[in-house]
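Report on the structure given below.
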There are 2 protein chains.
Amino acid sequence: MEIDTATVPKGRPREFCVDAALAAALRVFWSKGYEGASMADLTEAMGITKPSLYAAFGNKEALFNKALDLYEREKTDYMRAALDAPTARGVAERLMYGALDMYSCPENPNGCLGVINSVACGAEAECIREAVVARSATAKQAMLERFTRAKDEGDFPEDVDPAGIAAFLTAMNQGMAVQAGAGATRAELERLVETGLKLWPGR
Amino acid sequence: MEIDTATVPKGRPREFCVDAALAAALRVFWSKGYEGASMADLTEAMGITKPSLYAAFGNKEALFNKALDLYEREKTDYMRAALDAPTARGVAERLMYGALDMYSCPENPNGCLGVINSVACGAEAECIREAVVARSATAKQAMLERFTRAKDEGDFPEDVDPAGIAAFLTAMNQGMAVQAGAGATRAELERLVETGLKLWPGR
DNA sequence: TCACTTATATACCAGCCGTTATGGAAATCG
DNA sequence: CGATTTCCATAACGGCTGGTATATAAGTGA
């Protein structure tokens, strides 16, 4: 019996593309948040019926988590890549301009999926909130390690606190997300980024 | 017929204090957001029944707007007062430390009522979102005017953009709110504030 | 062709949502 | 006192929520 990784499934084949449906679901969660997105909203955007959704994705919570995976994989990858910049200033530039591009891209919903779903919610969505908060905590941790190294390498003046800098850059990103969600234009966000980089310590 | 401003009402007097009930409602909206707060949550926290709530406040939306009024009157007054500081740096200090105090006060729910309700929501809460966004826009406008004046008075170096600085300070506040909502400690927020002030332009 | 497996479509479920009608209790006015 | 006005408590409303049972359609392999 040989291993068959790409075997043809036995029963009736599904009539929709799982990846495309998930991408559509992501847009809905991104626009309305977990609680604001109803199953009716989701199925309509995904072009499938509720039983198909449940068969393919489990339930609303599992669907959200898969959408969150997709979001991190496709939309926030610039964050991980930014940490590879040779200098701390380079990291900040890549992070801020990357955020600027994402938040002002007309294809994307306004704001940040993570921020939207980490601020507040009813009781039943609390576990969703915790999951989102945990993910952004690991992202911030990676930033902290990068800036700690940067300080060791002499990227910062003596009086700069790497943890403070990481929190600062995180706050800038979150502020951009909130302002983008409130309808800020790309030009407005651009001024914010340029001001932030002008204030950035060192050369 | 004389004017009687403090006349005794005719029918049965109400058995609860409207102000205390509104304060309780504010706490619920502040913790869970407009959509996350159910009428059951509200009535339980306010200690009244639903008909009493509707008689005294109208409906959920009207109740939220009154809670938002109370929030601005009692919790964000430091913002208006901060603009009276003699220098731009003084304004920034008062704003950031005022935000720090509010976001780290154990009496208050975590985060900012405005940020919570301006990021995303379902269709029926869109008008709430717009109202909140409009209020924060006027707050930002006042900040912009203050920093424009500050630049004229020589508080900033030549290459500083008042609009950028206003957006920057707004972003810092929003970032603090998001991080506080995610469970940041007062010490963490303090480092963020100190870093922000260290980066502030000029003396 | 026939059994088997899986997906789809319709209709439905209990439970909660914001909101309100109804009936009785508590106050003032005449 | 009775009449009137206002408030409280119960219980219900239609509509929407996330989630599913049932029946049928569309593929596979024998």
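The values are calculated or read from the model by the stated rules, or taken from the named source; none is laboratory data. In this text the structure is predicted, and so the values were computed from the model without any measurement. When we count neighbours, we look across all protein chains shown, and the Cβ atoms used for this are built from the backbone with ideal geometry, even at glycine. Heads up: the accessible areas ignore ligands, DNA and RNA and are worked out on the full protein's heavy atoms, side chains in. Shrake-Rupley method; radii C 1.70, N 1.55, O 1.52, S 1.80 Å.
The table for this structure:
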| quantity | calculated |
| --- | --- |
| Scope the stretch B:4-45; condition of a type outside the set (A, V, I, L, M, F, W, C), part of a loop (DSSP other than H, G, I, E, B), open to solvent by 60 Å² or more (accessible area, probe 1.4 Å) and within 11 Å of DNA strand C (Cβ to nearest atom); matching residues | B:D4, B:T7, B:P9, B:K10, B:R12, B:P13, B:R14, B:E15 |
| One residue from B:A20, B:A24 being of a type outside the set (V, I, T) and under 21 Å from B:V132 (Cα atoms) | B:A24 |
| Among residues of the stretch B:56-78, those that are within 22 Å of B:E124 (Cα to Cα) and in a helix (DSSP H, G or I), counted | 11 |
| Condition broken by B:A67, with the remaining ones in (1) open to solvent by 90 Å² or more (accessible area, probe 1.4 Å); (2) more than 12 Å from DNA strand C (Cβ to nearest atom) satisfied | (1) |
| Residue satisfying all of: in the stretch B:133-144; more than 10 Å from chain A (Cβ to nearest Cβ) and in contact with a helix residue (DSSP H, G or I) (Cβ under 9 Å, 6 or more places away or on another chain); nearest to B:S38 (Cα to Cα) among these | B:R135 |
| Close pairs (6 angstrom Cβ cut-off, 6 or more residues apart or separate chains): within 11 Å of B:L22 (Cβ to Cβ) in the stretch B:50-73, among the β-branched types (V, I, T) and within 13 Å of DNA strand D (Cβ to nearest atom) anywhere | B:L53/B:T43; B:A56/B:V18 |
| Candidates B:A85, B:A56 - the one that is within 16 Å of DNA strand C (Cβ to nearest atom), in contact with a helix residue (DSSP H, G or I) (Cβ under 9 Å, 6 or more places away or on another chain), at negative phi and not hydroxyl-bearing (S, T, Y) | B:A56 |
| Among the candidates B:E130, B:E124, B:E188, residue that is under 25 Å from A:R89 (Cβ atoms), assigned to a helix (DSSP H, G or I), open to solvent by 30 Å² or more (accessible area, probe 1.4 Å) and within 10 Å of chain A (Cβ to nearest Cβ) | B:E188 |
| Which listed residue is within 22 Å of the chain's Cα centre (by Cα), surrounded by fewer than 18 Cβ atoms within 10 Å (Cβ to Cβ) and either over 30 Å from B:E194 (Cβ atoms) or within 15 Å of DNA strand D (Cβ to nearest atom) (or both), from B:A56, B:A62 | B:A62 |
| A:R89 being more than 24 Å from A:I128 (Cβ to Cβ), surrounded by fewer than 21 Cβ atoms within 10 Å (Cβ to Cβ) and within 14 Å of chain B (Cβ to nearest Cβ) | yes |
| Residue selected from the stretch B:170-185 under the condition of a type in the set (A, V, I, L, M, F, W, C) and in contact with a helix residue (DSSP H, G or I) (Cβ under 6 Å, 6 or more places away or on another chain), by the criterion nearest to the other protein chains (Cβ to nearest Cβ) | B:A171 |
| Some residue of the stretch A:73-83 being more than 30 Å from A:G202 (Cβ to Cβ), away from chain B (no Cβ under 14 Å) and either open to solvent by less than 30 Å² (accessible area, probe 1.4 Å) or within 11 Å of DNA strand D (Cβ to nearest atom) (or both) | no |
| Odd one out for B:Y97, checked against (1) assigned to a helix (DSSP H, G or I); (2) within 14 Å of another protein chain (Cβ to nearest Cβ) | (2) |
| Output for the stretch B:150-169, where each listed residue is within 7 Å of chain A (Cβ to nearest Cβ) and outside any loop (DSSP other than H, G, I, E, B) | B:A163, B:G164, B:I165, B:A167, B:F168 |
| Count of the stretch A:101-113 residues which are open to solvent by 20 Å² or more (accessible area, probe 1.4 Å) and part of a helix (DSSP H, G or I) | 2 |
| Filtered residues of the stretch B:191-203 (kept if at the interface with chain A (Cβ under 7 Å from one of its Cβ atoms), touching a residue at least 40 places away in the same chain (Cβ under 8 Å) and assigned to a helix (DSSP H, G or I)) | B:G196 |
